[in-house]
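The values are calculated or read from the model by the stated rules, or taken from the named source; none is laboratory data. Everything numeric here is computed off the predicted structure, so don't read it as measured data. Methodologically, a virtual Cβ is constructed for each residue, glycine included, from the backbone with ideal geometry; neighbour enumeration extends over all protein chains shown. When the accessible area is computed, the model is the full protein with side chains, heavy atoms only, and any ligands, DNA or RNA have been set aside. Shrake-Rupley method; radii C 1.70, N 1.55, O 1.52, S 1.80 Å.
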Amino acid sequence: MPDRDATERAGERYNPASFEKSFALCIFMSSVNNWWHRPAGGREVVTVALPLVISSLSWTVMSFIDRMMLYWVSGEAMTAAFNTSIMWFASLCLPLGICAFTNTFVAQYFGSGQDSEVGRSAWQGIWIALIFVPFCVAAGWLAPWLFAMAGHAADVSAMEQTYFQILVWGSGGLLVSQSASAFFGGQGRTAVVMWVDSAFAVVNLVLDWFWIFGVAGFPEMGIAGAGYATVLSLWLKAAFYIWLMLRAKEHARFATRTNWTFDAALVWRMLRYGGPAGMQMMVDVAGFTTFVMLVGRLGSVSAEATSMAFSISSFAFMPV
């Protein structure tokens, strides 16, 4: 007679319900593995996106530490820096959105194998950035009117005007950097963007320390020093991106040293398709800027609290 216990154990081992669960788990794991490893799957997306997250986070950390340094000068200086940075960014949204669209043109040409057009597209983005520079600098003339209309305390308003009139000289560096970085980002080489942005965020912080507090032979300039540090670091970053584009190995494949001339037809296409993206960004940021400026009318304590709260909360939403 067969062993009854052995028969029951065999029945448990080959239980149909247990087998179905194991089979379903194998199918699920196989599906996940395929999703992760397949072309354009999870691994590839994370590989491209994660450096951009780190790049964004480096800018967020830099801005936060920059404001904390100014808080050591005075609460009013931190508030003025926060308000002015938002206003400056709002004034740049339209051209910044267009320059960011350079990434799309680079990606399209890179994906279709039109390598010479990759370099040409990046250069047209740089041309667009340079076209907007005079308008960005001219916005500095509006600073007294803009910040007087905001109705902030007199000492805060004076610092806001000073800081804004300095920052506008860095607008071109920010726009050129955005277009030039698209040469690498559009190819999926986002690690280059991460390293460059992170490195110059550190440069900005070092210059902030020197210029705000008067270290290493720099004059002690407070909020004005923070502005000069930002302007210099932005233009240094723009120059570095262009240098990377012009290296021999990039020129050999993408003709970056010869395709730099102005191409009106391509510039028009970039303006046509990038303009709506910049306009959308401008409307979004303008609403937020209006809110921040109105809060400043509630008094210095409310303005300082808002500045600090948004600086900290940016750690949550900026990387995303």
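The table below lists the values:
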read-out	value
The chain: DSSP helices with Cα axial extent of at least 15 Å and average Kyte-Doolittle hydropathy no lower than 0.5	42-73, 75-100, 115-138, 171-185, 190-213, 223-245, 264-295, 300-317
Met282 accessible area, assembled protein chains, probe 1.4 Å, Å²	60
Value at 222 nm in deg cm²/dmol, rounded to 500, when DSSP H runs of n ≥ 4 in the chain each add -39,500 (n - 2.57)	-28500 deg cm²/dmol
Candidates Met69, Met149, Met87, ranked by Gaussian network fluctuation over the chain, Cα under 10 Å, top entry	Met149
Of Ala252, Ala122, Ala239, the one that fluctuates the most in a GNM where the chain has Cα springs shorter than 10 Å	Ala252
The stretch 90-129 - Debye-derived log10 I(q)/I(0), Cα point model, q = 0.14, 0.26 Å⁻¹	-0.31, -0.78
Label zone at Leu271, where the point sits 7 Å out along the Cα-to-Cβ direction: the stretch 118-144 residues whose backbone N lies under 11 Å	128, 131-132
Share of carbon and sulfur in the accessible heavy-atom surface of the stretch 88-162 [1.4 Å probe, %]	71
Modelled FRET efficiency - R0 30 Å, Phe291 with Ala248, Cβ distances, 0.05 increments	0.05
Cut-off 20 Å, label 7 Å out along Cα→Cβ of Phe135, residues of the stretch 180-212 by amide N	180
